[in-house]
Amino acid sequence: MNPENEISFEQFENFPKQTYRNRTAIYGANGKLALIIPIKHTGKREFRDTEISYVEDWQKLHWKSIKTAYQSTPYFEYYEDKLKTIFEIKVNSLMEFNLKALGIILAILKAEKRYELTTEYFRNPDAEDFREQFSAKSESEYEMPEYYQSFSDKNGFIQDLSILDLICNIGPETLTYIKNINKN
């Protein structure tokens, strides 16, 4: 496998709260809007055993928020049907949901990225470790060039949003944009 395509997802870590493992943010009319997938608190600690709670219809609420935020963007209509399928996935495991959603996003981007799941927990893995790199509670250190966002005239450019923001606003240029960030 090409080293650029070697990705391992950690499944044995203790589920870290307030991370992007069960949340993302979109650009709503009033600024950054958090979308959080509720989890069941079953006492199971490993990420692979973390279960999604369906007590509330969060999928319907998330899709409604996304549609409201992005329906006037240049590419939403083009990708709407594919994006909606993410919010029709009904599985018990958060990890399984994330992997299925990732598959849909990769198909939209026409990107081929193979991955594997870890077979055990390594505190200090040999490969580059991104587990602690991104926090949902603080801005990332990555420089993100500004791109068109539907509400930027009102609230300015907001970085660290869901990939959905890029897909809906710059469409087929999303992959090029991401690759250019990685070069910096």
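The values are calculated or read from the model by the stated rules, or taken from the named source; none is laboratory data. Because the structure is a prediction, the values reported are computed rather than measured. Ideal geometry is used to build each Cβ from the backbone, glycine not excepted, and the neighbour counts take in all protein chains shown.
Just a few scattered comments:
- Qualifying residue in the stretch 136-149 (condition: surrounded by 14 or more Cβ atoms within 10 Å (Cβ to Cβ) and at pLDDT below 90): yes
- Residues satisfying the stated conditions in the stretch 17-43, i.e. touching a Phe, Trp or Tyr at 6+ places or on another chain (Cβ under 8 Å) and closer than 22 Å to GLU116 by Cα: THR19, TYR20, ARG21
- Residues of the stretch 146-166 classified as in a helix (DSSP H, G or I) and among the β-branched types (Val, Ile, Thr), total: 1
- Output for the stretch 48-98, where each listed residue is part of a loop (DSSP other than H, G, I, E, B), within 22 Å of ARG21 (Cβ to Cβ) and of a type outside the set (D, E, K, R): THR50, SER53, TYR54, VAL55, PHE87, ILE89, VAL91, ASN92
- Out of GLU77, GLU96, GLU112, sole residue that is in contact (Cβ under 8 Å) with a residue 12 or more places away in the chain, out of contact with any His (no Cβ under 9 Å at 6 or more places or on another chain) and charged (D, E, K, R): GLU112
- Condition check for ASP81: at pLDDT 95 or above, closer than 24 Å to ASN169 by Cβ and either exposed (fewer than 12 other Cβ atoms within 10 Å of the Cβ) or among the small types (Gly, Ala, Ser) (or both): yes
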